[in-house]
Each structure stands twice: as C-alpha cells, then as structure tokens.
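Data first, discussion second: the structure below is written as structure tokens.
The values are calculated or read from the model by the stated rules, or taken from the named source; none is laboratory data. All of these numbers come straight from a predicted model, not from anything done at the bench. Backbone-built Cβ (ideal geometry, glycine too); neighbour counts: all protein chains shown.
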Amino acid sequence: MIRINLLPHREEKRKQKKQAFIALLALGAVVGVGIVLLVGGYNARAIAIQEARNKELKTAITGLDKKIAEIATLKQEIEALKARQQAVEDLQGDRNQPVYLLDELVKQTPAGVYLKGFRQDGQKVAVNGYAQSQERVSELLRNLAGVSPWLEKPDLIEVKSTGLGAGKTARKVVEFNLNVNIKRPRDKDKPEEGAKGKPAGAAPTTGMPPAHA
C-alpha cells in the first residue's frame, strides 16, 4: 500500500533551516560579544598598567628636574663664591701692585732713560719720560716685554724729539709715552722666566745721565 505524506515538509525544512541559522547568528553574536569583552578587558588592563608606568615616569622626571634645578643653583652659588674669592684674592694681591710697579720700573729702566711720570688705571699703566735716543726707548720696551716678571705687553703710544734746558745747558732728547700691563700675582710668570739677566749696560737709573754717556 502506498503512503503519501501530505504535510508541508518543504516549509518545515525551511523553518528548521531558518531556526538553525538564527541560532547560529545568536551563537556568533554571543561569541563576538565575549571576544569583544575579553579584548576590551585586556586592553583596559594594559592601558591601566601603562598609565601607572607613565605616572611613575612623570613622578621620577619631576624629581629629577628638581634635582637638576638644585644642582644648577648650587653651581651658580659655587661660581659666585669662586668669583668672590677671586675678587678678594685680587684685592689682596693688588695692594702690593704699586710696590711691584715701582720696583720693576727701577729695575727695567735702562741707562739714558728718565721717567717723568706714570699713572695706573686697573691693570694698565701709562708711562711717559725722556730718553737720550730712540734706541734707549727700544731697550726699555724690550725689557718690559721679555725681562720683567711683572710687566707685559708694552705699547709705544708716541715718541718725538724735544729739548731740555735752555742756552748752553740745552740738550736734545726723545720724549716718549707708552702703556704697559701689570700682572696680578695669579697671572705672574714663572720665576725662572723673569730671572734672566739683563743686557750689559742696562743699569737702572731714575736720573738723566750726561749727554755723552
């Protein structure tokens, strides 16, 4: 006997497939939401850890900046103290400069040169005087430049011929003006550099020798 199924089996199969598809969609949505939640939680945790590290780094950087500022302040204070100490030492050393200056001018002034006057302005000394000849002026410049341990860098400003006295006592001389620097004790050359002998005939003098000398 032949049996015929008159139920709408095709519609039933479509309905089953549709339900299965919906179930798969729901399962996929649930899985997707779970994955999103997991990834979001992991990212949130990683971000929190990184923010904590950044906060620690910022705190450490702030501390280092404070220490650097303190070090810079200390360096400035040290430099200021050094400058004050140097100023005090210079003042103490400068008190003896007139003595050194007078002593050196007497020692380094060759025969035939008469110093009329000098004026000190800081470390520069302006000297003027008379000499029997320009050679005597050149000798004085050489002494100040290479022999003197306290004087350096002589600079001849002016040299000209002039006359001293009147009548039979009148003599033709050379008038000169020069500048020379005086060293501070801390800048003074080594003693052996200033202990070299002077040229023969360079006896110190503060008076004008006879014209035939």
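What are the pairs, 6+ residues apart or on separate chains, where a residue within the range 131-148 that is over 19 Å from Glu175 (Cβ atoms) has its Cβ under 7 Å from a residue that is modelled with pLDDT of 85 or more and in a strand (DSSP E or B)?
That search, which allows pairs on different chains as well, returns Ala145/Pro154.
So which residues in the range 116-130 are touching a residue at least 60 places away in the same chain (Cβ under 8 Å) and within 18 Å of Trp150 (Cα to Cα)? Don't jump to the end; show me each part of the working.
Narrowing the range 116-130 to residues touching a residue at least 60 places away in the same chain (Cβ under 8 Å): 120, 123, 130.
Correct list: Gln120, Gln123.
Would you be able to say whether some residue in the range 164-182 is assigned to a loop (DSSP other than H, G, I, E, B), over 24 Å from Arg95 (Cβ atoms) and at pLDDT 85 or above?
Looking only at the range 164-182, we keep the residues that are assigned to a loop (DSSP other than H, G, I, E, B), and these are 165-166, 170.
If we keep only those that are over 24 Å from Arg95 (Cβ atoms) too, we end up with 165-166, 170.
Filter once more, so that each one left must be at pLDDT 85 or above: none.
The answer is no, given that none of the residues of the range 164-182 is assigned to a loop (DSSP other than H, G, I, E, B), over 24 Å from Arg95 (Cβ atoms) and at pLDDT 85 or above.
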